[in-house]
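To start, the structure itself, in structure tokens.
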């Protein structure tokens with residue numbers, strides 16, 4: 001019994017699962033905390049690279065993705081604060097630093113971050129007053 005190439009391709013596709021049951025979409029994929037943690041760390045690494053190179057916008061995109069993947073992880077919030085500081089966005093930087101301290105209240109740099117938040121809030125208020133005039 002001779003088979004055509006099309007029959008072999010169809011049989012291979014059927015065995016591989018390409019035909020038949022619909023494939024799961026990303027929204028249907030079960031959560032994978034290990035994978036998300038890994039991807040969050042990789043996004044943080046790339047974001048830190050961009051931050052060191054002076055590209056705060058690209059860094060912020062990566063930190064946002066890390067936050068999306070692991071919202072309870074404190075580190076990307078601190079880094080987002082640093083990125084907003086580089087862009088001279090005092091109010092946003094203070095908000096991200098506050099979230100960082102909310103998630104990691106006993107971090108080694110907590111006292112330093114609290115002082116930075118106070119300074120940023122004063123700067124944000126001054127910026128706000130200058131815009132009003």
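Bear in mind that the values in this text are calculations on the coordinates, not laboratory data. These numbers come from a predicted model, not from an experiment.
In whole percent, what relative contact order does the stretch 31-132 give with Cα contacts below 8 Å and a gap of six or more residues?
Result for the stretch 31-132 is 20 percent.
Per residue, how big is the convex hull of the stretch 31-132 when only Cα atoms are used? Give it in Å³.
In the stretch 31-132, the Cα hull volume divided by residue count equals 100 Å³.
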